[in-house]
Amino acid sequence: MSDQPPLPPIVIFSFTREDYLRRLCASLRAQQGVRLEEGRVHLVQDGARSPRSGNVYGDPARIEASIAAFREAFPGGHVHASADNLGIAMNIQRGEALVFESLDAEVGYFFEDDLELGPWYLATLEAMRAQLGAHPEIGYFAAYGDHRRVSDPDAPKLVPLEHHWGFGLTRRCWRAMQPWLQPFLRTYGRVDYQMRPDLAIAELYLDKPVAHTASSQDVAKTMACADLGFARVNTDVCFARYIGERGESFSPAGFTRLGFPAMAYATERPRQAPAITPAAVEEIIRAKRASCTEFRQTAFPARLEELRGRILNPDRLVTREELDQLWRLLMDRAPDAADYYANTVGRRTVREVRTALLRSREARGKSFYMV
């Protein structure tokens, strides 16, 4: 459709689910009412082996199969394949940086590989994007809908956005979130995402008015928007269906329990585009911030103590008792330097002390631990 304006850059995040990716790509190719240019479509592909731990989290053959599936669908598209396993958080961060820094776009469309689009998904996003100028407080917008609601497919309405599966994101919101998210991104960047430290991430909310005890990057961005006053909006009508029966967040049992097998998308263009009104946006912002701040004030302290009862935060300063325990457990003895306690207790973190002991000459000499 040459009379249609070009779409924003489209980024697809992928790992080892080439079957899902193939369905997403096919549904992107089948979009109606928009002009899809292959050169504006990007695959941001994560790698197999962690550079931090050496752990392998994905089959390299399936990673290559994912890249092949994308190239088959979009031979003119761009593949950004990581040599290392970055994990979900940092792979998504580099995809967003690609759009807002390298490409300098005002809006990007981002898709995880487990969403199958109906034919009018991008056209619906475009109808919403056309209204953003009057609503700079909108950060995220999507149209995969809420399959639990009864809705009129010809008159979609705004509802709060939950999961970041297939969404538009504005550069204004992304840039505003970066300082807020820096402590989270530093934490995600120095560990394997699958092994992220839940307690350490939860404690990052201690100095914020909003909080959560889930540790995912999706939740961190939700909290950032709630605190900064950005709306995350969705349509009530489903213009896509979620297909992620297996993955980081869902199992087949959970997928079925939440009713996703029955999720169906609209196949006709709605007679009227989703109307974004100041009242609806304001209410979505207000309600989300209220629920997040209430959680921070009421449920969060008890939930945090429960986490602390089960999990150690290795990035807090070490105590004298913990120092003695580490030495006895890891080195089979107590430290013997007179000034060691004074230079270490309350000055170095548990992680720093533990790593130093595990990598020490003495530990190696005893055939212990890390080389």
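The values are calculated or read from the model by the stated rules, or taken from the named source; none is laboratory data. The structure presented is a predicted model; accordingly, all values stated were derived computationally and were not measured. Here the Cβ positions follow ideal geometry from the backbone for every residue, glycine too, while neighbour counts run over all protein chains shown. Note: areas computed on protein heavy atoms with side chains; ligands, DNA, RNA excluded. Shrake-Rupley method; radii C 1.70, N 1.55, O 1.52, S 1.80 Å.
Looking at THR256, THR293, can you tell me which residue is of a type in the set (Val, Ile, Thr) and modelled with pLDDT of 95 or more?
Step by step, each of THR256, THR293 is checked, and only THR293 is of a type in the set (Val, Ile, Thr) and modelled with pLDDT of 95 or more.
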Legend entry - Segments classed as helices (runs of 4 or more DSSP H), wholly inside the stretch 196-278, with at least 1 members that are surrounded by fewer than 22 Cβ atoms within 10 Å (Cβ to Cβ), without any contact (Cβ under 8 Å) to a residue 60 or more places away in the chain and among the aliphatic types (A, V, I, L, M): 217-228, 252-257
Inset, instruction - For the stretch 131-142, name all the residues that are closer than 13 Å to VAL107 by Cβ and either touching a residue at least 12 places away in the same chain (Cβ under 8 Å) or touching a Phe, Trp or Tyr at 6+ places or on another chain (Cβ under 7 Å) (or both). - result: GLN131, LEU132, HIS135, PRO136, ILE138, GLY139, TYR140, PHE141, ALA142
Inset, instruction - Check the stretch 294-306 and report whether any residue there is in a helix (DSSP H, G or I) and within 30 Å of ASN343 (Cα to Cα). - result: yes
Legend entry - Neighbours by Cβ (under 8 Å, 6+ apart or cross-chain): first from the stretch 338-356, of a type outside the set (A, V, I, L, M); second open to solvent by 80 Å² or more (accessible area, probe 1.4 Å): TYR341/ARG320; GLY346/LEU317; ARG347/LEU317; ARG348/LEU317; THR349/ARG316; THR349/LEU317
Inset, instruction - Say whether the condition of being buried (at least 22 other Cβ atoms within 10 Å of the Cβ) and either within 21 Å of the chain's Cα centre (by Cα) or within 25 Å of ALA26 (Cα to Cα) (or both) is met by at least one residue in the stretch 53-66. - result: yes
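Taking the conditions exactly as written (modelled with pLDDT under 95 and not β-branched (Val, Ile, Thr)), does MET195 satisfy them or not?
On the way: modelled with pLDDT under 95: yes; not β-branched (Val, Ile, Thr): yes.
In short, yes.
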Inset, instruction - Sort out which residues of the stretch 96-153 are farther than 19 Å from LEU28 by Cα, surrounded by 21 or more Cβ atoms within 10 Å (Cβ to Cβ) and hydroxyl-bearing (Ser, Thr, Tyr), and write them in order of number. - result: TYR140
Legend entry - Among (1) closer than 18 Å to PRO8 by Cβ; (2) out of contact with any helix residue (DSSP H, G or I) (no Cβ under 9 Å at 6 or more places or on another chain), the one test that PRO51 misses: (1)
Legend entry - Residue, farthest from ASP113 (Cα to Cα), within the stretch 125-173, restricted to residues that are outside any loop (DSSP other than H, G, I, E, B) and of a type in the set (Gly, Ala, Ser): ALA134
Inset, instruction - Among the residues of the stretch 316-347, count how many are surrounded by fewer than 16 Cβ atoms within 10 Å (Cβ to Cβ) and either among the aromatic types (Phe, Trp, Tyr) or touching a strand residue (DSSP E or B) at 6+ places or on another chain (Cβ under 9 Å) (or both). - result: 6
Legend entry - Subset tally (residues that are assigned to a strand (DSSP E or B) and touching a strand residue (DSSP E or B) at 6+ places or on another chain (Cβ under 6 Å)) for the stretch 1-53: 11
Inset, instruction - Kindly list, by first and then second residue, each pair from a residue in the stretch 143-169 that is farther than 29 Å from GLU96 by Cβ to a residue that is surrounded by 15 or more Cβ atoms within 10 Å (Cβ to Cβ) and of a type in the set (Gly, Ala, Ser), limited to pairs with Cβ atoms under 8 Å and residues at least 6 apart or on different chains. - result: SER151/GLY145; PRO153/ALA266
